[in-house]
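Heads up, the thing below is written out as C-alpha cells.
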C-alpha cells in the first residue's frame, strides 16, 4: 500500500508566528529521538545546512547525548560579522572588474553599521546586488536547489507544493528574526564537531568558520575545505562530500 500524499513538514494552517528558533530546535530533538527508536540506535549523526547548522548546533548543545558527531556546512557563525565581511568582499570584487562601472552603484548602497542595516529595504537592496556580483559565475539558487527538487520523481506534487509554500512562509517569518550568533554560546562537547566549508561560499564567508572552531571544545574538531564549492557543498559536490564523510566516519 502506498504511503499517503503529504505536504512534507508544511501545513496550511501554519503562520509566520508559528516558526521560532525554539520550535525548530524542539523539532530537531523530536525527530532525532524518533530516528533513534525507529532504527534501534543509541545515537545518530547530526548534519546541519545553512540556517539548519545554527539550530542544529543549539539542539546539539541542549541534548548532546543523542548524537555521535556533528557536521555543519554553510555553517552559520555570526550574522553581524558575516555581513561586515560580505560588504568588504563586494567592495573588493567590484574594484577588480574592469570595463564595468559598478563602483558608482556600490557607493549608493548603505554601509552596514555594527553588523546591520538601517532598514530592511537597505538590506534587501544590498543582498540583491551582492549575489548578482559575487555569484555571477555560479549556478543560481533555483538551479542548484529549487529545480532539482521540483524535477525529481522522489516527491509527490503535493510535496512540491508544500515545499514552495513552506519556503515562502519561512521567508516571511525570517524577516522578524533577530541576527544570530554562535559566538555567544559555550560549545563544550565530547563528540566530534566538523565544519564542511566551500571556498566560494559568500553567504557564510570562509573567514567566519575559523572564528567558531576556535571557541569549540571537542575531542576532534576540523574545518574541511571544498575548493570549488559554495554554500551548499553536499549538493554542489556530492561525491567529494561523501568521500569526506567516509574518511572521517569509517
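Any read-out appearing in this document is the output of simple, stated calculations on the displayed coordinates, not a laboratory observation. Treat the numbers as computed from the prediction; the structure is a model and nothing was measured.
Using only the alpha-carbon atoms, how far is helix 51-62 inclined from the longest principal axis of the chain? Give it as 0 to 90 degrees, nearest 10.
Between the helix axis and the principal axis of the chain, the angle is about 50 degrees.
For the stretch 80-134, divide the Cα radius of gyration by the Kirkwood radius and give the resulting Rg/Rh value with two decimals.
That ratio equals 0.95.
If you find the alpha carbon centre of the stretch 1-76 and of the stretch 156-207, how far apart are they in angstrom?
If you average the Cα positions of each part, the centres end up 12 Å apart.
Go ahead and set up a Gaussian network model of the chain, Cα springs under 10 Å, then flag whichever of 77, 233, 224 fluctuates most.
Of the options given, 224 has the highest mean-square fluctuation.
Expressed as an acute angle from 0 to 90° and rounded to the nearest 10, what is the orientation of the C-alpha long axis of helix 238-248 relative to the principal long axis of the chain?
For 238-248 against the chain, the angle is about 60 degrees.
Taking Cα atoms, how many degrees apart are the long axis of helix 120-134 and the longest axis of the chain, rounded to 10 and kept between 0 and 90?
The helix 120-134 is inclined about 90 degrees to the chain.
Just checking my list [x] -0.38, -0.56, -0.82; [y] -0.27, -0.45, -0.96; [z] -0.22, -0.37, -0.79 against log10 I(q)/I(0) by the Debye sum over Cα atoms at q = 0.07, 0.09, 0.13 Å⁻¹ computed from this structure; which label fits?
Read-out from the structure maps to [y].
Per DSSP H run of n ≥ 4, the term is -39500 (n - 2.57); total these for the chain, divide by its residue number, and report the mean residue ellipticity at 222 nm rounded to 500 deg cm²/dmol.
That calculation yields -14000 deg cm²/dmol at 222 nm.
Of all DSSP beta bridges located in the chain, what percent are antiparallel, nearest 5?
Antiparallel bridges: around 10 percent, rounded to the nearest 5.
So what's the projected area for the stretch 1-147, the Cα convex hull averaged over all directions, in nm²?
It is 13.0 nm².
For the stretch 133-195, report the translational diffusion coefficient in µm²/s to the nearest whole number, using Stokes-Einstein at 10 °C, 1.306 mPa s, and a Kirkwood Rh over Cα pairs.
Approximately 102 µm²/s, per Stokes-Einstein.
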